[in-house]
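The values are calculated or read from the model by the stated rules, or taken from the named source; none is laboratory data. Computed from a predicted model, the values in this text were never measured in an experiment. Positions of Cβ are generated from backbone atoms using ideal geometry, with glycine treated the same way; all protein chains shown enter the neighbour counts. These accessible areas exclude ligands, DNA and RNA; they are computed on the full protein's heavy atoms, side chains included. Shrake-Rupley method; radii C 1.70, N 1.55, O 1.52, S 1.80 Å.
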Amino acid sequence: MDQQYPLHTSSTSNGIRVAINPDPWVSGVALNLWYEVGSAHEKPGKTGFAHLFEHLMFCGSAHVSSGEHLSTIQAMGGLCNATTSFERTNYFETIPREGLELALWLEADRLSSLLDSVDQLNLDTQREVVKEEKRQRYDNVPYGDVFSHLMGLAFPPNHGYAHLPIGSMDDLDSASLDDVHEFFHTHYHPSNLIMSLSGAIEVEEGFALVEKYFSQIPPGTRPPRTKITALPPLTGLPQLDLSGSVPQDVVYSCWLVPPLTDEITDPLDVGLTIAAGSLASRFHTALVRSHLAHSVGIANLGLAEGNSVVYSTAICAQGVSPEHLEEELIKQVEDLCNQGPTPQEVTRAMRLEDREYLSDLASIETRADLISGAWSYFNDVEEINHHLDRVHQLTATDVHQAISTCLKTDNRGIITYRRAS
Amino acid sequence: MMPRPHLDPFGQWSFPLPHVHDLDNGMTVWAYHLPGQHIVSCVLVLDLPLNCEPVDRDGIATVVTRLLDGGTQTHPSVSYAEALAEHGIHFEPAVGQSTTQLMIDLPADSLLPGLSLLAEAVKEPVFESNDFLSIQAQVFAEIQRQNSRGSTLASIALRWALLDHNVRISRPTAGNLESIPLITREDVCDFHKQHYSPAGATLIICGDIDPQEASRMASQAFEQWNTAVIPTSVEPIRRGGFPSHVITREDSVQADIRMGWFGIDQNDPRWASLQVATTIMGGSFGSRLNTVLREDRGFTYGVSMSAHPFRQGGYIDVVTSTQTATVKDLLDETREILAASQPFTATEVETAIRYLTLSAPLAFGTAEAVADQASSLAAGQLPLDHITTILSDLACVTVDSAMDAYRELINCAPFSTIVVGGAEISDDVLAS
């Protein structure tokens, strides 16, 4: 990559891993706190808890009242939010440089004293908010439950990836204050935290400010983790038939593939772009232009431990059955696996990846998130500078090998979502 | 614990100004130099009001834009999409009330080929029959999917309630299930021939580029495009009848709720005061509505109030959702909060002004964001320094001016309430 983003790393005296990316062209700073805990680390019967806990992190702490964290950030023009994924929970704010110290102070206060504020009332209120979020994003939209079923098909029960971060209504109902205390003590401490700052900040100043506001917090111990082991490929063509109030039949295929950190991910993802990453892709040309599908996509979920999942989504054109569409889609996968891509296809996919990755890096907010992720997943923040170089060194043979290894048609699972008659 | 730090005074900021270059064919180029932005965002803003669409052909403007990357005379069929991909270009069209906008994002070293391909798409599209049938079916299916979502149904119903039904923008931009099947390939060719022209168009180029060099490339790419058309004015927005109603959506486990008022555009002297008022009521996490409905009562995942300006006029809405059992309670509380029996406080107004002014430099931190805002300026026929002017106007908003705008436009104005949810929800929830 021609453009190298300057990156500097250090650790605070109590073990917070800190990355600084100074950017002279912006007036704000993106602060990204990445706690290495997500839904994959939830116990059976406690699904959705990591995400519910994320909501409680905005309910105040020793010196901050409920809702004050977000309101304070917004009052200085800042953007603030949090997300919970399978392996991590991140809290992020983009603020004017003048507000950085206040933002760090707010984050330090909740890390050091969240439990001073959490009580039954705000647990109950946020439980209802999360249930409304689940209804809005999953339960009240067509096809909204399909990812839950897809993960359940790809992974065995009680596997960390077998459920979505939003969890189940029953498990949310059973969450207690004791669970909150245990979760906080287990996962929320400096040794389980990566913090990235990107933007209008000098390197030494950034390290000093993090040390200043966080160093008094006990380091804690990184929670023991049972390593998620790799599963063998799916066998026996597991299938699930769903139906509901949906406007069109849709067919999904999925494969268990190596995790995000495996070196096969780059050539595999280039292969997926060749399959369905543009209007010039194979799937679009063969399935959409020929009126079999309204749209087709394929993507890697990017899971980091044991396995990831590649899944395709194909919306049936009127009069086309899911079975027929899936059969035609799999023919395209087989062609790609058997013959491999052309050099032109690989070049095009690389250029599309250039644009997509550089677009992600263009915003300091997304860049800080990618830096935290690079440290967490690859133990190397320079991954953000090396990624495109590595992609450009790939050959058509690399891509062919990755696709043919990962997307064997006998190793897929199938979900059909039919319009209820 | 360290003591809470004090905030240093915040610096001044202004929206960037472009290098402006007029082309001989009637187009204007706005080239923004944004150091450090290696992905260049370009938007071609065509002066093409939605009311250009023929009667009974709602959605044809959308169908035409969706066909533009389906092949040109120079790059027929899929070779156009291949050329885009070879240069790492992402193409995205959008249709609005007053303009059609064609966006491309690309690595900076692809700027000239990107502009050339964009020019090809508007100058010499082929509209292949097979591609037309595919896009027509796709748009129809997308409308079916949109209509299956309660949130979309609620938003469509609200516009229909707030605006005169003869105004095109009162109906869905992408058309409907009746109009899309009526569109023919001939209609598409005619629409393109009659309305696609460089006259009055603005080409926005944002990124780490040399503005003069970018303008030269734009000139090179577009100079051969000289189609003349009869211009169409944007139709005036007129008020609707403001009916409130409940729409039944079977199997809903949550109701989508909208409340709406007729609004103003950004040229209205009350615009800055209205922005402050909507921010206090529902424009931030700490707003009155969100504090009560989400943080105190747990009724909803979120609630927002915002103003949506057109070139002339606009509308204001409240957007939220809640489970069926709490629809009435949420609506009762919302109406009570909106009654604003407690006038805005000086602290609320000051906080809202800080939020609106200080968020601007952060929100416009990427080429894509600047291009998007510049496109809105072009669509609204607003001056290049409009954002900076608005920021100055915000600094002059007072408690009284914010309260006056709120009373005139919201509190004392007719409004409509739309609820989309399960069959068990009755019209009783609409009663105040």
Would you compute the Debye intensity of the stretch B:205-289 from its alpha-carbon atoms alone, equal scatterers and no solvent, and pass along log10 I(q)/I(0) at q = 0.16, 0.22, 0.26 Å⁻¹ to two decimals? -0.95, -1.16, -1.26
Inverse of <1/r> over all distinct C-alpha pairs of the stretch A:255-341, i.e. the Kirkwood Rh in Å, gives 13.4 Å
Taking every DSSP bridge whose two residues both lie in the protein assembly as shown, the antiparallel percent to the nearest 5 is 80 percent
Percent of all Cα-Cα pairs per 10 Å bin for the stretch A:173-249, counting from 0 up to the last occupied bin, reads 12, 22, 21, 21, 16, 9
How many square angstrom of accessible surface are buried between A and B, both sides summed, with a 1.4 Å probe and rounding to 100? 6000 Å²
If I fit a long axis through the Cα atoms of helix A:100-113 and take the longest principal axis of the Cα atoms of chain A, what angle between them do I get, 0 to 90°, rounded to 10? 90 degrees
Evaluate Rg over Rh across the stretch A:1-115, taking Cα atoms for both radii and Kirkwood's formula for Rh. 1.00
Roughly what angle does helix A:396-406 make with the longest principal axis of chain A, taking Cα atoms, 0 to 90 degrees, to the nearest 10? 90 degrees
Cα-Cα pairs of the stretch B:216-345 separated by more than 21 Å (percent): 55 percent
For B:Thr347, placing the label point 7 angstrom along Cα-to-beta-carbon and taking the stretch B:243-284, residues whose amide nitrogen sits under 20 Å are B:276-284
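Equivalent ellipsoid semi-axes for chain B, as square roots of 5 times the alpha carbon gyration tensor eigenvalues: give them largest first, rounded to whole Å. Present the calculation step by step, with values, prior to reporting the outcome.
Numbers: eigenvalues 296, 170, 73 Å².
Working through the eigenvalues yields semi-axes of 38, 29, 19 Å.
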Helix B:185-195 sits off the longest principal axis of the Cα atoms of chain B, rounded to the nearest 10 on a 0 to 90 degree scale, by 90 degrees
Starting from 0 in steps of 10 Å, tell me what percent of the Cα-Cα pairs of the stretch B:278-325 lands in each bin. 29, 45, 20, 6
Given the options B:Arg288, B:Arg149, B:Arg239, which has the most mean-square fluctuation in a GNM of chain B, springs set between C-alpha atoms less than 10 angstrom apart? B:Arg149
Placing one identical point scatterer on every Cα of the stretch B:266-418 and ignoring solvent, what is log10 I(q)/I(0) from the Debye formula at q = 0.19, 0.21 Å⁻¹? -1.24, -1.40
Anyone know which of B:Ala141, B:Ala94, B:Ala61 comes out most mobile in the 10 Å Cα GNM of chain B? B:Ala141
GNM of chain B, Cα pairs under 10 angstrom: of B:Thr62, B:Thr351, B:Thr100, the biggest fluctuation goes to B:Thr351
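Enter the mean number of other protein chain beta carbons within 10 Å of the beta carbon of each residue in B:136-147, as an integer.
Other-chain Cβ atoms within 10 Å of each residue's Cβ, averaged: 4.
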Between B:Ala325 and B:Asp404, what is the label-point separation in nm under the 7 Å Cα-to-beta-carbon projection? 4.7 nm
Along principal axes, Cα extents of the stretch B:15-58, largest first, whole Å: 47, 25, 18
For the stretch B:290-379, alpha-carbon Rg over 2.2 N^0.38 Å: 1.38
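Please compare each pair in A:Lys131/A:Lys212; A:Lys43/A:Lys131; A:Lys46/A:Lys227; A:Lys46/B:Lys328; A:Lys46/A:Lys212 to a cut-off of 27 Å on the Cα-Cα distance and tell me which ones are over it. All intermediate terms of the calculation are to be shown ahead of the outcome.
Numbers: A:Lys131/A:Lys212 38 Å; A:Lys43/A:Lys131 19 Å; A:Lys46/A:Lys227 19 Å; A:Lys46/B:Lys328 32 Å; A:Lys46/A:Lys212 36 Å.
Beyond 27 Å between Cα atoms: A:Lys131/A:Lys212; A:Lys46/B:Lys328; A:Lys46/A:Lys212.
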In whole percent, and with a 1.4 Å probe on the protein chains, what portion of the accessible area of the stretch B:222-279 is carbon and sulfur? 48 percent
How big is the convex hull of the Cα atoms of the stretch A:108-152, per residue, in Å³? 113 Å³
Round to a whole number: what % of the accessible area of the stretch B:24-131 belongs to carbon and sulfur, probe 1.4 Å? 47 percent
Ordering A:His159, A:His8 by how much accessible area each has at a 1.4 Å probe, largest first, what is the list? A:His8, A:His159
Please state the equivalent ellipsoid semi-axes for the stretch A:114-242: what are the square roots of 5 times the Cα gyration tensor eigenvalues, largest first, in whole Å? 35, 22, 17
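Please report the equivalent ellipsoid semi-axes of chain A, computed as sqrt(5 x eigenvalue) of the Cα gyration tensor, largest first, in whole Å. Kindly include the intermediate steps, with their values, before the conclusion.
Details: eigenvalues 295, 147, 69 Å².
After diagonalising the Cα gyration tensor, the semi-axes are 38, 27, 19 Å.
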With labels modelled as points extended 7 Å from the Cα through the Cβ direction, what inter-label distance (nm, one decimal) is found for B:Leu112 paired with B:Ser233? 4.3 nm
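Could you give the accessible area per residue of the protein assembly as shown, probe 1.4 Å, as a whole number in Å²? Write down the numbers at each step before the final one.
On the way: 32140 Å² over 853 residues.
Using a 1.4 Å probe on heavy atoms only, each residue of the protein assembly as shown averages 38 Å².
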Scattering profile of the protein assembly as shown at q = 0.11 Å⁻¹ [log10 I(q)/I(0), Debye over alpha-carbon scatterers]: -1.72
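For the stretch B:46-184, would you read off the P(r) tail past 19 Å as a percentage of all alpha carbon pairs?
56 percent
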Measuring from the lowest to the highest alpha carbon on each principal axis, how far does the stretch A:303-421 reach, largest first, in angstroms? 50, 35, 28
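What full-extension length gain, to one decimal in nm, is calculated for B:Phe242 and B:Gln381 as 0.36 nm per residue of separation minus the Cα-Cα distance?
On the way: separation 139, 0.36 × 139 = 50.04 nm, distance 2.85 nm.
This chain segment gains 47.2 nm when fully extended.
Stick to the Cα atoms of the stretch A:127-192, pair each with every other, and give me the Kirkwood hydrodynamic radius in Å at one decimal.
Values: mean 1/r = 0.0731 Å⁻¹.
Every distinct Cα pair counted, the radius reaches 13.7 Å.
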Quarter of Cα convex hull surface for the stretch B:162-202, i.e. mean projection, nm²: 4.5 nm²
What Kirkwood radius, in Å to one decimal, follows from the Cα pairs of the stretch B:99-143? 12.7 Å
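Regarding the stretch B:217-257, what's the average projected area of the Cα-atom convex hull, expressed in nm²? List each step's numbers first, then the result.
Values: hull surface 33.0 nm².
Mean projected area of the Cα convex hull: 8.3 nm².
Suppose a student asked you for the relative contact order of the stretch A:173-326, using Cα pairs under 8 Å spaced at least 6 residues apart; what percent would you report? Working shown, then result.
Details: 184 pairs, mean separation 35.6, N = 154.
Relative contact order comes out at 23 percent.
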For the stretch A:40-171, take every pair of Cα atoms, bin their distances at 10 Å starting from 0, and report each bin as a whole percent. 12, 36, 32, 17, 3
Roughly what would the spin-label model give for A:Arg390 and A:Asp360, points 7 Å off Cα along C-beta, in nm? 1.1 nm
Reachable aspartates and glutamates from B:Lys193, criterion Cα separation under 12 angstrom, eight or more residues apart if same chain: B:Glu124
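May I ask you to work out the translational diffusion coefficient for the stretch B:39-98 at 20 °C, viscosity 1.002 mPa s, via Stokes-Einstein with Rh from the Kirkwood sum over Cα pairs, reported in whole µm²/s? If you can, show how the numbers build up before the last one.
Working: Rh = 13.2 Å.
Rounded to a whole number, D works out at 162 µm²/s.
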